[in-house]
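J.: Quick one: structure below, then a few questions.
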Amino acid sequence: MRRLTLEEGVNAVRLARRAIEVYLSERRIIKNRFTGIFEEKRGVFTTLTKHGELRGCIGFPYPIKRLDEAIIESAISAATQDPRFPPVSLKEMDEIEVEVTILTPPERINVKPEDLPKHIEIGKHGLMVKHGFHSGLLLPQVAVEYNMDAEEFLTHTCLKAGLPPDCWFYAEVYRFEGQIFKEVKPKGEIVEVKLGGAEKCYR
C-alpha cells in the first residue's frame, strides 16, 4: 500500500481543517474531491489537540470510504461528535492543531495470547481489540506519547474498549500502521510525524 507523499499529507490536513471550519460556520459538508491516492479507500483518523491536550479524535479503522471523504467525515465528527468532549466552536479552531493519521488495514494477530506483546512494535503499530459488542482502538502515537511498553499498550486498548485490562487474553487483537501528518501550531506549518522525530514539510 503506497504511502502518502509530504504534499499529499499537507493536502489531507488542510482538507480536514477546511471541512471543520466550513461545517462550524455554515453547517455544510464540503464537496471537495481530490484525485490520485485520495480516490482510494483508506482508513483514517482525525485528531484535534488544544494546548497539548486532546480535544477530539474520531475516524474509520477500515478502508470503507474514499480517503478524501473519510477525512472530511472524520474531521467533522472529531470536532462535533466525540462523546468525551463538548463540540468545538469556530472561534476555538484558532487554538486547535489538526492531525490526520492514514491507516493500513487492521490485521488480526493470530498467536497465543502470551506471545502477543512480542508481535507489537511500539512506534510502528496501533492496536484494536474486539470482543462481543465491544471494540477499542489506539493509534500508534499513543504508546509513544505515554511511554508504554507492548503489554501496557494492550491493557490500555482493552480499557478503551470498555473491557477488563486483561481482555487481550481472550479478545481478538488487531494491529495496523499509521502515517501521521499534523500542524505544528494552529493553522501553521504541517509536518509528517515520524514517531521519535518529525520531518518538516511546508506551510
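None of the figures in this text is laboratory data; all of them are computed from the coordinates on show. The model shown is predicted, which means the values in this text are computed figures rather than measured ones. Glycine gets a Cβ as well: all are built from the backbone with ideal geometry, and neighbour counts include every protein chain shown.
J.: Let me have the relative contact order for the chain, percent, based on Cα pairs under 8 Å that are six or more residues apart.
T.: 21
J.: If I build a Gaussian network model for the chain, linking alpha-carbon pairs within less than 10 angstrom, which residue out of Glu73, Glu99, Glu172 has the largest mean-square fluctuation?
T.: It is Glu172.
J.: On a straight-distance basis, which lysines could pair with Lys187 in a cross-link, Cα separation under 24 angstrom, same-chain partners fewer than 8 positions away excluded?
T.: Lys31, Lys50, Lys91, Lys200
J.: Oh, and also: Could you give the length gained by full extension between Glu152 and Arg18, i.e. 0.36 nm per residue of separation minus their alpha carbon distance, to one decimal place?
T.: Once the chain is fully extended between Glu152 and Arg18, it gains 44.7 nm.
J.: While we're on this one: If we restrict to alpha carbons, what Rg and Dmax does the range 107-176 come to, in Å?
T.: Both quantities, over Cα of the range 107-176: 10.5, 29 Å.
J.: Run the simple label-point estimate for Leu195 and Asp166 please: 7 Å along Cα→C-beta, distance reported in nm.
T.: Taking the two extended label points, one gets 2.6 nm.
J.: Most mobile of Ile102, Ile71, Ile29 per a Gaussian network model of the chain (Cα springs, under 10 Å)?
T.: With Cα springs under 10 Å in the chain, the top fluctuation among Ile102, Ile71, Ile29 is at Ile29.
J.: How about the range 116-151: which GluC sites (Glu not before Pro) there lie in a loop by DSSP and see at most 14 other Cβ atoms within 10 Å?
T.: Answer by residue number: Glu121.
J.: Okay, moving on. Could you calculate the contour length gain from Ile122 to Val144, that is, 0.36 nm times the residue separation minus the distance between their Cα atoms, to one decimal place in nm?
T.: 7.2 nm
J.: Would you please report the Å³ per residue occupied by the convex hull of the alpha carbon atoms in the chain?
T.: Here the figure is 117 Å³ per residue.
J.: I've got another one for you. Loop-only check: which trypsin sites (Lys or Arg not before Pro) in the range 1-94 are DSSP coil with at most 14 other Cβ within 10 angstrom?
T.: Taking the range 1-94 and a limit of 14 other Cβ atoms within 10 Å, the loop trypsin sites (Lys or Arg not before Pro) found are Arg2, Arg3, Arg27, Arg28, Lys31, Arg33, Arg84.
J.: In addition: Post the alpha-carbon centroid distance, the range 1-43 to the range 67-137, in whole angstrom.
T.: If you average the Cα positions of each part, the centres end up 17 Å apart.
J.: Picking from Ala171, Ala70, Ala19, which is most flexible by a Gaussian network model of the chain using Cα springs under 10 Å?
T.: With Cα springs under 10 Å in the chain, the top fluctuation among Ala171, Ala70, Ala19 is at Ala171.
J.: How charged is the neighbourhood of Asn110? Take every other residue with its Cβ under 14 Å from the Cβ of Asn110, and add Lys/Arg as +1 and Asp/Glu as -1.
T.: That works out to +1.
J.: Placing unit charges on C-beta atoms (Lys and Arg positive, Asp and Glu negative, everything else neutral), compute the dipole magnitude of the chain about its Cα centre in debye, rounded to 20.
T.: Numbers: 30 positive and 31 negative charges, 137 e Å.
Here the chain has a charge dipole of around 660 debye.
J.: Would you mind getting me the FRET efficiency between Lys91 and Asn32? Use the beta-carbon distance for r and R0 = 30 Å, nearest 0.05.
T.: 0.85
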